[in-house]
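Accompanying notes for the structure given below.
The values are calculated or read from the model by the stated rules, or taken from the named source; none is laboratory data. Predicted model, so just to flag it, every value in this text is computed and none were measured. Glycine gets a Cβ as well: all are built from the backbone with ideal geometry, and neighbour counts include every protein chain shown. Accessible surface is based on the protein model in full, side chains and every heavy atom, while ligands, DNA and RNA are left aside. Shrake-Rupley method; radii C 1.70, N 1.55, O 1.52, S 1.80 Å.
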Amino acid sequence: MGLSREGATMVTIPAPHHGSWGPSAPGSGAALDHRARSGLRRAMYVVRGVLGALFAAELVLPEADPERVRSLLVDLGHLDAAAPPAEHRTALVSFQRATGIPAHGVADGRTVSELVKAARELWELRDLGLAAR
């Protein structure tokens, strides 16, 4: 605390060092400020990822496996099981129009998400006996 030297007293006052990498005293404003900024930064990364996934799913997810997409389209009734590959794009456009998403005929992230969601709803209805098999 204080040092005595020929009758003089020196007092040391800890001051927060903004931007330093050294340890801060427990309960000091610098430690709380650094933790708050770090937590805010992490939260912003999460928010940015979620918003990116919601509004630009086609940029976040690659195009899906064509066989899986074909299987979902068949299950949902947008494609006949015996249809040639040339008709898959037409069926995909039909599904996209029916769900109100951009009808470009590509199985991007948003389209695949909607396909899976619709298929799960159909499967649940079938399990309950409310939809034809």
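Filtering region 37-54 down to residues that are farther than 30 Å from ARG126 by Cβ and surrounded by 11 or more Cβ atoms within 10 Å (Cβ to Cβ), which residue is modelled with the lowest pLDDT?
So the first thing to find is which residues in region 37-54 are farther than 30 Å from ARG126 by Cβ, and the list is 37-52.
Of the ones still in play, those that are also surrounded by 11 or more Cβ atoms within 10 Å (Cβ to Cβ) are 49, 52.
Values: GLY49: 72, GLY52: 68.
The qualifying residue modelled with the lowest pLDDT is GLY52.
Counting just the residues of region 79-88 that are among the hydrophobic types (A, V, I, L, M, F, W, C) and surrounded by 13 or more Cβ atoms within 10 Å (Cβ to Cβ), which one comes out farthest from the chain's Cα centre (by Cα)?
Restricting attention to region 79-88, the residues satisfying the condition of being among the hydrophobic types (A, V, I, L, M, F, W, C) are 79, 81-83, 86.
With surrounded by 13 or more Cβ atoms within 10 Å (Cβ to Cβ) added as a condition, the list becomes 79, 83.
Numbers: LEU79: 30, ALA83: 34 Å.
Here the residue is ALA83.
Which of the residues that make up region 89-122 are open to solvent by 60 Å² or more (accessible area, probe 1.4 Å) and touching a residue at least 24 places away in the same chain (Cβ under 8 Å)?
Listed by number, the residues that qualify are ARG110, SER113.
Among the residues of region 56-110, write down those that are at pLDDT 90 or above, among the β-branched types (Val, Ile, Thr) and in a helix (DSSP H, G or I).
Across region 56-110, the qualifying residues are VAL69, VAL74, THR90, VAL93, THR99.
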